[in-house]
Amino acid sequence: MEPQNRHRTIVVMGVSGSGKTTIGKRLAALLELPFEDADAYHPPANIAKMKNGTPLMDEDRWPWLETLNQRMQQWEQGGVLACSALKESYRQLLSKNLSIHWVYLEGSMETLLQRMEARDHFMKPEMLQSQLDTLEPPSYALNVSISNRPEQMVSEIIAKLGTMQSDLGIVGMGVMGRSLAKNALNKGFKVSVYNRSDPKEAHILPNFLKEVPPERVLGFDEWEGFVNSLSQPRRILLMIPAGTAIDAVLETLTPLLAPGDVVMDGGNSHYRETQRRMQNLASHSIDYLGVGVSGGEEGALKGPSMMAGGSETAYKKVSHLLEAMAAKEPNAKPCAALLGPDGAGHFIKTVHNGIEYGEMQLLAELYALLRGLISYEDIRTLFQQWQEGEAQSFLLGLTAEIFSKKEGGSYVLDKVLDVASSKGTGVWSSIAALESGVPASMMVEAVLARHLSGAQGTREVWAKLRPVPKTVKQIAPETLLKAYQWARLVNHLQGLELIQIQSQKENWNVQLSEVLRVWSVGCIIQSKLVQQLQQQLSQHASLWELEWVLAQLPEGLEALQEALQWGLTQQTALPCFSAAWNHSGGLTTINSPANLIQALRDAFGAHTYQRTDRPLDQQFTTNWKDHGA
């Protein structure tokens, strides 16, 4: 949304060396207004005097000031003038028939002299004292210190004068915030950015502002100016760590906001926290959205996948921003959408990350199977071949690239410590699966595998006792590919089932086909498999009974079994491949051993059980220690 046009005439004044022209040009560019430098209107006689070091008298300045006044009156929507305007009488003449915003650039004599000596201008440094003697600082002007950076000065001027409103405010100039800000700028939006100025982060904002064109971005390290620089309703995207940092920022921001403003949390927050914050801000009539953002640094810059949760009213206020910034499907539809109310967006992003954990663990297990048999170059070639077919995915392609990276003749991968870190979303998705009764075993096993990787000391002890693997015939690459693809399918279906069950519990009415569409481009788990599942679910509601899935089951399960058998002979731990087999094997078992578990529960705790020979709405209990007939 473009800021409203209004007549804005601004005069940036100060003595020579204060930076009037630099600040005026930046200001005019940001406000999309014409710029004039008053020095360009001096008659030749005035310029000659100043070159000779002769101060101008009032009678020299009157015609010049009248010309400037007439020029400003010709501006249709206002403009920016850089002019010394040292005396009140000069400012009165400049203001004739005009409403002017005055900006006074003030600085020390030492700074001003340094600047004058460093430039090539007809105004000589020795004339600075005469200007300071003439100066009558206006009490009504906005005073801006020239000790600050030009971009900071301009941001301060715009915020305090209220002459420009940005379309979007982004808090947090870390990797993702910085990339999203550049993305919005590239899409033509005006952006205000905020980053705290403590010593550890003082360099972040200045460095970012150097990387972007100054015409459409404002930078702040104080909250009031940041908020005032935004058009109403204000749209603010928080790109800061989840947890207490979000609450601290909201506590500061909320009193500065107005009813109808929208705050978006673009981090990986827990969906329950998002629900709580949404309720808190609703009491102030402020809208809140939980927006899951996936795609990493490159995706944030070029087009991420964006999973929003909240009210339709709130989403309509920001949809033009998010959908413009998001990745686009081949049919140009944006990979950003409102997927459900309150915490739905952040929950779906959490499950997305759980699936991502499973995808990465499967690739790690393939690596574990292959690294002792073929070279890294051969692994890369094999993965590149798979990438050209049905297995295509962002993560598979990235893995192939990793096997290409060398440093000093050695593979960088061999220098990476074999301890995998993790953040909250993998654990949260696993907990949600356990709480909801969804057997999403692959994301759970992927999280546990990362935890196990941290047991370095124990691994070193146990590895010495490891038996020597038997030499067996190598598995065929096409069999390994089928096993990999089937395991991936199980991983995705488990995650989608978790979203489906949680949606039913929360009354979110999430459409899985729309979730998959948003995941189809831009996010970390984007793949051909996601696109295929989206096509299937757009026509069917059931997950595990899709004909497309059932058709792959026999070959997929057989290949998975062969891969596991091969892995066992190599004594290679395959937790996610095993989880895929256990889930698939469990679903293919008509008579599961769970009847014994239920009998045991009844035997020690009288938990009752259902019978196969009686109606299922009846419960029974048995004295299992009485062995009589």
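What follows is calculated from the coordinates using simple rules that are stated; it is not laboratory data. These numbers come from a predicted model, not from an experiment. Virtual Cβ from ideal backbone geometry, glycine too; neighbours counted across all protein chains shown.
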* Enumerate the amide H contacts of Gly79 below 5 Å, restricted to partners 5 or more residues apart or on another chain; note that Pro and chain-start residues carry no placed amide H. => Arg8, Thr9, Ile10
* Structure fact -> In order over the stretch 295-300: 3J(HN,Hα) from phi, Karplus 6.51/-1.76/1.60, θ = phi - 60°, whole Hz, x for each Gly or Pro, gives x, x, 4, 5, x, 4
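In cubic angstrom, how much convex hull volume per residue do the alpha carbon atoms of the stretch 165-342 span?
Working: hull volume 18.7 nm³, N = 178.
Convex hull volume per residue, Cα atoms: 105 Å³.
Shape of the stretch 528-629 from its Cα gyration tensor (a ≥ b ≥ c, root eigenvalues): rounded if a/c is under 1.5, otherwise prolate when a/b > b/c, or oblate? Could the numbers behind the result be given before it?
Working: a/c = 3.36, a/b = 1.64, b/c = 2.05.
Here the stretch 528-629 falls in the oblate category.
At 222 nm, what helix-only mean residue ellipticity would the chain give, in deg cm²/dmol to the nearest 500, using -39500 (n - 2.57) for each DSSP H run of four or more?
-16000 deg cm²/dmol
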* Asked: With +1 on each Lys and Arg Cβ and -1 on each Asp and Glu Cβ, how big is the dipole of the stretch 357-587 about its Cα centre, in debye rounded to the nearest 20?
  -> 660 debye
* Structure fact -> Going residue by residue through the stretch 132-142, the Karplus relation 6.51 cos²θ - 1.76 cosθ + 1.60 with θ = phi - 60° gives ³J(HN,Hα) values, rounded to whole Hz and with x marking Gly or Pro, of 5, 5, 7, 4, 10, x, x, 6, 8, 7, 7
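Restricting to Cα pairs below 8 Å that are 6+ residues apart, what does the relative contact order work out to for the chain? Please round to a whole percent. If you can, show how the numbers build up before the last one.
On the way: 1032 pairs, mean separation 62.4, N = 629.
Relative contact order here is 10 percent.
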* Structure fact -> The rounded separation in angstrom of the Cα centers of the stretch 33-111 and the stretch 148-176 is 27 Å
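Which shape class, rounded, prolate or oblate, goes with the stretch 433-503 when its Cα gyration tensor gives a ≥ b ≥ c as root eigenvalues, a/c under 1.5 marks rounded, and past that a/b bigger than b/c marks prolate?
Values: a/c = 4.11, a/b = 1.40, b/c = 2.94.
The shape class here is oblate.
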* **Neighbourhood charge, 13 Å Cβ-Cβ cut-off, centred on Leu398 and excluding it, Lys, Arg +1 and Asp, Glu -1** => -3
* **In Hz, Karplus ³J(HN,Hα) per residue of the stretch 258-268 (6.51, -1.76, 1.60; θ = phi - 60°; x = Gly, Pro)** => 10, x, x, 5, 10, 10, 10, 9, x, x, 8
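Remind me, relative contact order of the stretch 235-274 in percent, using alpha carbon pairs under 8 angstrom and six or more residues apart? Please report the intermediate quantities before stating the final value.
Numbers: 30 pairs, mean separation 25.6, N = 40.
RCO, the stretch 235-274: 64 percent.
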* Asked: How much net charge surrounds Leu322 when only other residues with a Cβ under 14 Å from its Cβ are counted (Lys, Arg +1; Asp, Glu -1)?
  -> +2
* May I ask you to order 134-144, 279-289, 338-348 by the average number of other C-beta atoms within 10 Å around their residues, highest value first? => 338-348, 279-289, 134-144
* Structure fact -> Rounded to 0.05, the calculated FRET efficiency for the beta carbons of Lys87 and Ser285 at R₀ = 51 Å is 0.55
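Per 0.36 nm of contour for each residue apart, how much would the distance between Glu76 and Gln535 grow if the chain were fully extended, relative to their Cα-Cα spacing?
Details: separation 459, 0.36 × 459 = 165.24 nm, distance 5.39 nm.
Here the answer is 159.8 nm.
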* Structure fact -> Taking only the alpha carbons of the chain, the radius of gyration and the largest Cα-Cα distance, Dmax, both in angstrom, are 33.0, 125
* **Built amide H within the under 5 Å cut-off of Asn268, gap 5+** => Ala242
* To do: Express in % the proportion of alpha carbon pairs of the stretch 419-555 at distances exceeding 22 Å.
  => 53 percent
* Structure fact -> In Å, the Kirkwood hydrodynamic radius from C-alpha pairs for the stretch 1-115 sits at 14.9 Å
* Please get the size of the charge dipole for the stretch 461-535, origin at its Cα centre, with Cβ charges of +1 on Lys and Arg and -1 on Asp and Glu, quoted in debye to the nearest 20. => 580 debye
* Distance in nm between label sites at Ala606 and Ala248, each 7 Å beyond Cα in the beta-carbon direction? -> 5.5 nm
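If you take the square roots of the eigenvalues of the alpha-carbon gyration tensor of the stretch 149-248 and sort them as a ≥ b ≥ c, do you get rounded (a/c under 1.5), prolate (a/b over b/c) or oblate? Intermediate results must be reported in sequence, preceding the final value.
Numbers: a/c = 1.29, a/b = 1.23, b/c = 1.04.
Taking the square roots of the gyration eigenvalues as a ≥ b ≥ c, the stretch 149-248 is rounded.
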* Measuring from centroid to centroid over Cα atoms, what is the spacing of the stretch 303-380 and the stretch 254-286 in Å? -> 23 Å
* What are the residues whose amide H is under 5 Å from the amide H of Ile170, where those residues sit 5 or more places off or on another chain and H is modelled from the backbone? -> Ser192, Val193, Tyr194, Leu237
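For the chain, what is the charge dipole size about the Cα centre, in debye to the nearest 20, if Lys and Arg each add +1 at the Cβ and Asp and Glu each add -1 at the Cβ? All intermediate terms of the calculation are to be shown ahead of the outcome.
Numbers: 57 positive and 67 negative charges, 74 e Å.
Its charge dipole is roughly 360 debye.
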